[in-house]
Amino acid sequence: MAKLTLRTDYNNINSLLPHHKTHQSLAFKTCFRNPTTHLNLSLLPLKHRFKFKFSCSIKEKEREDVVDTSERLVKQLSNTKVSNGSSEILGTFGFNWKNLPQRYKMVGTTSLAFVICNMDKVNLSIAIIPMSHQFGWNSSVAGLVQSSFFWGYALSQLPGGWLAKVFGGRVVLQYGVLVWSLATACVPLLAGFMPGLVLSRILVGIGEGVSPSAATDLIARLIPLDERSRAVSFVFGGLSVGSVAGLLLAPPLIQNFGWESVFYLFGLFGVAWFLGFQLVTEEQPLDVATAPRSQSLATEKSDTSMEELGESLKTVPWKAFFQSKAVWAMIYAHFCGSWGHYTCLSWLPTYFSEVLDLNLTEAAWVSVLPPLASIMVTSIAAQVADKLIANGTETTVVRKLCQTIAFLSPAACMTLSSVDLGLPPWEVVTILTGGLALSSFALSGLYCTHQDISPEYASILLGITNTVGAVPGIVGVALTGYLLDSTHSWSIALFAPSIFFYLTGTVVWLTFASSKPQTFLKRD
């Protein structure tokens, strides 16, 4: 009888093994051709190590063969998959980036790009306060600087979609990130020269403006239908994360290293992303087996994209779009919603600082609350809307209900904030946060209607309404600064115009909006 006991360190893989009760063990048994030989291998989970027991009933002369066999089994254990239910322990006992499907890598890196996108969008709303003090800007000039971003953003919406179709979303996205990141890093160098500063912010807007279309094209090419909703949510969810990250990081950076540090550091993030994205895109081919539809879309267009683009542009029923009342309702609703969103995004930190007497850090922390609350509201709104439709409620009714909540809630909260009721600052903050968070119901209202009425032309319709929706960023942000200088009233400058557009947008939406499918036949 020969008895062999092997011990191996348990610390490195303790956390990765399935959790067994103390009396359980994993047993591996094998019988050799020699009937006198029986090997029993028990893997017993002890405190901090494995204990391997080999009990062999053999002749003394066969000892060497059994030892060699047991050594081979131990070596093979590192490459053996141990299963318990749905848990699997791979031989490498770790995360293997190379084995991760390419589409997951692309979705993850694209979401990270959107995080950086909104970090570079909101950084100026914090830095504008010390910049205005340093350069002696009044509110009108500050509004002009902030609105210049939206000039490039508005102009690049439809061209971004065109470029994504011609060159592919991956190419457009990576160079969009590079352009806006380099332009962000140039802001401190050009801050004393107004035309150069405005041009740099326009370039930031152009780079970020092509990104939504590029990401949409990338997802359409790579992600199968049964994974696409999760991919879209994960990618565009990066925008809210970016807003939170930018508003939290900017104040301590400004206070410790100066306002210039925000632009240098955030710009560096984008350049680093660009370099890392090259490695991801060149790492391996697309997943033909796991996403055949996406693969075919990506490859079939490679040689004929220009020809197909020309033909598709000729067949787009542009005239029919603008003869539809439902399309005009979407256009105006997008304009109204963007007015409130962009003006608050740009001016709320200054409002919190000047009116509520909060310091820079406190103002930034307070500005984080609306996007954080919006994340929760968005998930609730989507579930409510889908459940209503699943239960038989007409789609148009659901879209009108959600968009009405998205308009009337912030209008009511802004009205309460603009009236002098003697409320303490934190109550005003709570009211505004609640109103702006509820405006996220628009994602289950307006933003679903493009797909409802025409899946075929949904991306083009979104490009049209998003172009008009960027105009408030140009006009509204600058006008708010001008009205603030003229009236010295935040109620008139910031809240009154937003309330007006929220109310009129509600009327137009309830009157003309529709989610019924439309053919949009081409009219000469």
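For this structure, a couple of remarks:
- Condition met for F167 (open to solvent by less than 10 Å² (accessible area, probe 1.4 Å) and of a type in the set (A, V, I, L, M, F, W, C)): no
- Among the conditions (1) more than 30 Å from V316 (Cβ to Cβ); (2) open to solvent by 20 Å² or more (accessible area, probe 1.4 Å), the only one that L443 does not satisfy is (1).
- The set of residues from region 467-519 being in contact (Cβ under 8 Å) with a residue 24 or more places away in the chain and either on the phi > 0 side of the Ramachandran plot or in contact with a His (Cβ under 7 Å, 6 or more places away or on another chain) (or both) comprises V468, G469.
- Subset of region 463-479 that is out of contact with any Gly (no Cβ under 6 Å at 6 or more places or on another chain) and farther than 13 Å from S338 by Cβ - its residue that is modelled with the lowest pLDDT: I464
- Filtered residues of region 190-211 (kept if among the β-branched types (V, I, T) and open to solvent by 10 Å² or more (accessible area, probe 1.4 Å)): V198, I202, I206, V210
- Residues of region 478-490 that turn out to be open to solvent by 40 Å² or more (accessible area, probe 1.4 Å) and either polar (S, T, N, Q) or touching a strand residue (DSSP E or B) at 6+ places or on another chain (Cβ under 6 Å) (or both), as a count: 2
- Yes/no for V475 being in a helix (DSSP H, G or I) and open to solvent by 60 Å² or more (accessible area, probe 1.4 Å): yes
- Region 441-462 - residue that is of a type in the set (S, T, Y) and outside any helix (DSSP H, G or I) and, of those, modelled with the lowest pLDDT: Y457
- Inside region 240-263, residues that are open to solvent by 10 Å² or more (accessible area, probe 1.4 Å) and under 14 Å from W180 (Cβ atoms) make up a count of 0.
A quick yes/no check of all residues on (1) over 23 Å from Y351 (Cβ atoms); (2) touching a Phe, Trp or Tyr at 6+ places or on another chain (Cβ under 9 Å); (3) surrounded by 24 or more Cβ atoms within 10 Å (Cβ to Cβ); (4) modelled with pLDDT under 90:
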position: A127; (1), (2), (3), (4): no, yes, yes, no
position: H133; (1), (2), (3), (4): no, no, no, no
position: S140; (1), (2), (3), (4): no, yes, no, yes
position: Q146; (1), (2), (3), (4): no, yes, yes, yes
position: G160; (1), (2), (3), (4): yes, no, yes, yes
position: P188; (1), (2), (3), (4): yes, yes, no, no
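- E427 under 24 Å from A127 (Cα atoms), in a helix (DSSP H, G or I), among the charged types (D, E, K, R) and open to solvent by 50 Å² or more (accessible area, probe 1.4 Å): no
- Of all residues making up region 212-238, the number that are surrounded by fewer than 19 Cβ atoms within 10 Å (Cβ to Cβ) and at pLDDT 70 or above: 3
- Check on K387, in a helix (DSSP H, G or I), closer than 17 Å to W509 by Cα and either of a type in the set (D, E, K, R) or open to solvent by less than 20 Å² (accessible area, probe 1.4 Å) (or both): no
- Residue satisfying all of: in region 390-407; open to solvent by 30 Å² or more (accessible area, probe 1.4 Å) and of a type in the set (A, V, I, L, M); modelled with the lowest pLDDT among these: A390
The values are calculated or read from the model by the stated rules, or taken from the named source; none is laboratory data. In this text, all values refer to a predicted model and were calculated from it rather than measured experimentally. Because the Cβ atoms are built from the backbone with ideal geometry, glycine has one as well, and the counts that use them run over all protein chains shown. Heavy atoms of the whole protein, side chains included, go into the accessibility calculation; ligands, DNA and RNA do not. Shrake-Rupley method; radii C 1.70, N 1.55, O 1.52, S 1.80 Å.
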